[in-house]
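Working notes for the structure below.
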Amino acid sequence: QVQLVESGGGLVQAGGSLRLSCAASGRTFGSTVMAWFRQAPGKEREFVAAISRGGGITSYRDSLKGRFTISRDNGKNTVYLQMNSLKPEDTAVYYCTAGQSHSSVWNGYDSWGQGTQVTVSS
């Protein structure tokens, strides 16, 4: 298991940007696949992006490609999600997660943060 703490959420106007951070401790960070999911009120949790152990392979939800960027700094045990050109439909709680396989399915991950709220106003 790895412990995860997200930060960087908040209220932003449509068209603005936010960068989420997720600090990890516990299991060796560099041996863990990291990902972001999000969940809007009344909706199921959905995949946002994932990044491989070394950071060389990334994957994104199709609708978010070009606006969101996932990255990691293994020296700082931190994964990031840069979100640009935000839209009201991006409003959700964003969760950081860790696992052993590069997956877009939530049950492919075994450690979750508490989530950080992102609200995009129109």
If we keep only residues of the stretch 65-106 that are over 25 Å from Phe29 (Cα atoms) and open to solvent by less than 30 Å² (accessible area, probe 1.4 Å), then the residue farthest from the chain's Cα centre (by Cα) is Leu86
Log entry, pairs with first residue in the stretch 52-71 being over 22 Å from Gln39 (Cβ atoms), second being β-branched (Val, Ile, Thr) and not in a strand (DSSP E or B), beta carbons closer than 9 Å, six or more apart or on different chains, reads Arg53/Thr32
Counting only residues in the stretch 45-65 that are of a type in the set (S, T, N, Q) and not in a loop (DSSP other than H, G, I, E, B), the one farthest from Gly99 (Cα to Cα) is identified as Ser63
Over the stretch 56-100, the set of residues of a type in the set (S, T, N, Q) and in contact with a strand residue (DSSP E or B) (Cβ under 7 Å, 6 or more places away or on another chain) is Thr58, Ser59, Thr69, Ser71, Asn77, Thr78, Gln82, Thr91, Thr97, Gln100
Checked the stretch 1-17 for anything closer than 24 Å to Leu86 by Cβ, open to solvent by 40 Å² or more (accessible area, probe 1.4 Å) and over 15 Å from the mean Cα position of the chain (by Cα); matches are Leu11, Gln13, Ala14, Gly15
When the stretch 18-56 is checked residue by residue, the ones that are under 15 Å from Gly115 (Cβ atoms) and exposed (fewer than 13 other Cβ atoms within 10 Å of the Cβ) are Pro41, Lys43, Glu44
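The values are calculated or read from the model by the stated rules, or taken from the named source; none is laboratory data. What you see is a predicted model; the values in this text were computed from it and never measured. Cβ coordinates were reconstructed from backbone atoms using ideal geometry, including for glycine residues, and neighbour counts include every protein chain displayed. With ligands, DNA and RNA removed, areas are computed over all heavy atoms of the protein, side chains included. Shrake-Rupley method; radii C 1.70, N 1.55, O 1.52, S 1.80 Å.
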